[in-house]
Amino acid sequence: MKRLASLVFLLATLVLPMLPLTVTAQGFGLEEGDGVPLTKTVEAQAAQTEAASAPGSALVLAAPGQAGVGQPFLVRLTSDQPLDTVSVHWLGKEVVPTISVWNDRHVALVMLGTDVLNAKPGKEELVVMASIDGKENTLRRTVQLVPVEYQRQELTLPEKMVTPPAEVLERIRAEREVTRAALETVSSARMWRLPLERPVGGEVSSPYGAQRILNGKPKNPHRGLDFRSPMNNPIKSVADGVVILVGDFYYAGNSVYVDHGNGVISLYFHLEKPMVKEGDTVQRGQVVGLTGMTGRSTGPHLHLSISVLGRLVDPEPLLKMTVDDMLN
Ligand SMILES: [Zn+2]
């Protein structure tokens, strides 16, 4: 009997982690502390949240009052009544987030952000629309975008790496269309949770936002993280998802794009070899490729970018922080 019980336990520990996307706190990015009574949440986050419409309404929006240029942030809508639909509008883009149920509360969690390439300090409007029992509620917030001191990097490289030869300009233009289209993907099921899985073990050799001066000429800021890595190191997907693009691009070399749902996409560049193909479903931690130095790269490393509604944000906080860390 005792033996049977331990066998059942062993089977459960082996099989349970393999079950697909179960509705648990972790699977939806909700953590310890999310289960506090609603009234307490309203009090505790008075600076950031506000009950919508009539007094006694239990629709609570948590959103930051300010965000650094290039930084990702989270928006969470919580309701004690079922949410029919929610849509979040930010910088001309719309996302219809997955609604999950946690401790009898209905929760929609959205990742947003700006891109160091084109965001400017100033005020931007965030609009959240929520339909409850056929009634439309509109919540508006102002997010103050504040400057961030990013690094400055001066590099001297062979001139042909800095200025592409005329015969590849058409190729670069065509590739930009393909990658831009991939980044427009906003699929309906949220598959990411925080913190994201670290794709390789190596330390960060070049941070997000670094202003690059190549051979004395200012270039675009670095819109991802570079990880030091030897050749052919396995690269892990940062979250569950679907591979939406695999290609060999002029700048990025062999690349893999994984869609994690609700507008969040991870990009892995300069691979020696992709280990997945378009349409593949991948799990968090699954190997998507091997590190290399294909494309415009001076040595083996992994470049990771995270796209949020088509904007490349700083991946670093997403690799370290929980949902609660980011909301508080
Ligand atoms: Zn890079």
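The values are calculated or read from the model by the stated rules, or taken from the named source; none is laboratory data. Owing to the predicted nature of the structure, the values given are computational and were not obtained by experimental measurement. A quick note on method: Cβ atoms are made from the backbone with ideal geometry, for glycine too, and the neighbour counts reach across all protein chains shown.
Which of (1) in contact with a Leu (Cβ under 6 Å, 6 or more places away or on another chain); (2) polar (S, T, N, Q); (3) assigned to a strand (DSSP E or B) is the odd one out, the single condition residue 255 does not satisfy? Of everything listed in (1) in contact with a Leu (Cβ under 6 Å, 6 or more places away or on another chain); (2) polar (S, T, N, Q); (3) assigned to a strand (DSSP E or B), residue 255 misses just condition (1). Here region 299-312 is the region considered, the condition is being hydrophobic (A, V, I, L, M, F, W, C) and closer than 20 Å to residue 96 by Cα, and the residue that is farthest from the ligand (Cβ to nearest atom) is 309.
Condition first: polar (S, T, N, Q) and either crowded, with 20+ Cβ neighbours inside 10 Å or part of a loop (DSSP other than H, G, I, E, B) (or both). Now tell me which residues in region 55-108 satisfy that. Break it down stepwise before answering.
Step one: of region 55-108, the residues polar (S, T, N, Q) are 57, 66, 71, 78-79, 81, 85, 87, 98, 100, 103.
Matches in region 55-108: 57, 71, 78, 79, 81, 98, 103.
Scan region 117-154 for residues that are in contact with a His (Cβ under 8 Å, 6 or more places away or on another chain) and crowded, with 18+ Cβ neighbours inside 10 Å and the total you get is 2. Considering the conditions (1) farther than 28 Å from residue 74 by Cα; (2) within 16 Å of the ligand (Cβ to nearest atom); (3) assigned to a loop (DSSP other than H, G, I, E, B), residue 270 is excluded by exactly one of them, (3).
The set of residues from region 218-254 being within 16 Å of the ligand (Cβ to nearest atom) and within 24 Å of residue 188 (Cα to Cα) comprises just one member, 238. Residues in region 204-243 that are under 20 Å from the mean Cα position of the chain (by Cα) and farther than 22 Å from residue 69 by Cβ: 227, 235, 236, 237, 238, 239, 240, 241, 242, 243. Residues in region 192-217 that are away from the ligand (no atom under 16 Å from the Cβ), buried (at least 21 other Cβ atoms within 10 Å of the Cβ) and not charged (D, E, K, R): 3 in all.
Might you check whether a residue that is over 24 Å from residue 175 (Cβ atoms), surrounded by fewer than 19 Cβ atoms within 10 Å (Cβ to Cβ) and under 21 Å from the mean Cα position of the chain (by Cα) occurs anywhere in region 260-282? Yes; the residues of region 260-282 include at least one that is over 24 Å from residue 175 (Cβ atoms), surrounded by fewer than 19 Cβ atoms within 10 Å (Cβ to Cβ) and under 21 Å from the mean Cα position of the chain (by Cα). Taken together, 178, 238 contain a single residue that is surrounded by 15 or more Cβ atoms within 10 Å (Cβ to Cβ) and either assigned by TED's automatic domain parsing to the domain that holds residue 306 or under 30 Å from residue 149 (Cα atoms) (or both), which is 238. Residues that are outside any loop (DSSP other than H, G, I, E, B) and in contact with a Ser or Thr (Cβ under 9 Å, 6 or more places away or on another chain) were ranked within region 144-159; the one that is nearest to residue 75 (Cα to Cα) is 145.
Checked against (1) within 15 Å of the chain's Cα centre (by Cα); (2) without any contact (Cβ under 8 Å) to a residue 60 or more places away in the chain, residue 184 meets all criteria but (2). When residues in region 273-298 are screened for being among the small types (Gly, Ala, Ser) and within 16 Å of the ligand (Cβ to nearest atom), 4 of them pass. Every condition in (1) closer than 30 Å to residue 239 by Cβ; (2) buried (at least 16 other Cβ atoms within 10 Å of the Cβ); (3) touching a Leu at 6+ places or on another chain (Cβ under 8 Å); (4) of a type in the set (Val, Ile, Thr) holds for residue 185 except the one numbered (3).
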